[in-house]
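Since the structure comes first, as structure tokens, the remarks are kept for the end.
Bear in mind these aren't lab numbers, they're just calculated from the coordinates by the rules spelled out. Note that the coordinates shown come from a computational prediction; the quantities given were computed from them, not determined experimentally. Glycine also receives a Cβ, built like all others from the backbone with ideal geometry; neighbour counts cover every protein chain displayed.
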């Protein structure tokens with residue numbers, strides 16, 4: 001994923017709400033969200049090139065998601081796939097904190113990443129470009145291609161939009177997807193400097209990214225309610241038109 005907006009214990013009905021966009025080259029082979037044949041308890045999309053995933057859940061109610069950390073000057077060409085970190089947690093029986101503590105020492109071999117993993121009411125965040133794993137406090141949070149809650153324009157706009165949805169008397173899933181479709185570019189004065197050209201900083205600044213070869217491929221909404229029901233809806237785009245919608249409801 002390249003943008004993850006999420007609310008932890010910030011809604012009376014849903015302990016966890018996640019709204020995310022996956023940005024990727026259009027040519028990279030991808031499978032839509034599905035129950036994996038090789039790991040039947042895992043529900044996630046799949047990167048058919050690297051074998052891992054960017055976001056998923058399992059039947060226990062475990063959740064994991066990942067974004068890349070943007071640093072073009074520090075790319076390791078022989079690094080292992082970051083998507084395996086999400087897939088491995090969803091296959092694993094260790095707690096979220098134990099999993100992160102166990103992998104912590106070896107993550108310098110990976111290119112930069114941000115990882116969210118959760119089980120039950122706990123949600124942890126870890127970046128191999130930041131500090132030690134940390135428990136995410138209740139509230140609204142945003143994660144793009146820098147550290148958690150770094151105030152990039154898309155993160156700030158997304159958190160404001162998510163707050164507005166959560167304040168409504170009725171939780172409206174369609175409003176979440178409309179928020180994720182916001183393609184308005186940020187003013188130049190607010191853009192971060194991440195090592196790419198100014199033109200690419202502009203292209204990458206909206207919540208929903210569009211360009212000839214690279215852009216937002218998927219939007220995903222995940223909710224876990226207080227009765228233990230998981231709802232996952234994923235919409236695929238080429239490049240901005242909805243081509244498929246996958247919906248799943250799972251009882252933990």
Item checked: Length released on extending from residue 202 to residue 75, taking residue separation times 0.36 nm less the Cα-Cα span -> 43.6 nm
Check: For the chain, what is the relative contact order in percent, using Cα pairs closer than 8 Å and at least 6 residues apart in sequence?
Finding: 23
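Per DSSP H run of n ≥ 4, the term is -39500 (n - 2.57); total these for the chain, divide by its residue number, and report the mean residue ellipticity at 222 nm rounded to 500 deg cm²/dmol.
One gets -5000 deg cm²/dmol as the mean residue ellipticity at 222 nm.
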Margin query: At R0 = 51 Å, how high is the FRET efficiency between residue 98 and residue 189 if r is their beta carbon distance? Nearest 0.05 is fine.
Written below: 0.70
Notebook entry, point to check: What's the center-to-center distance, using Cα atoms, between the range 1-72 and the range 191-252 in Å?
Noted result: 10
Next item on the list: Using a 10 Å cut-off on Cβ atoms, rank the peptides 196-208, 216-228, 162-174, 99-111 from the highest mean neighbour count down.
Entry: 216-228, 196-208, 99-111, 162-174
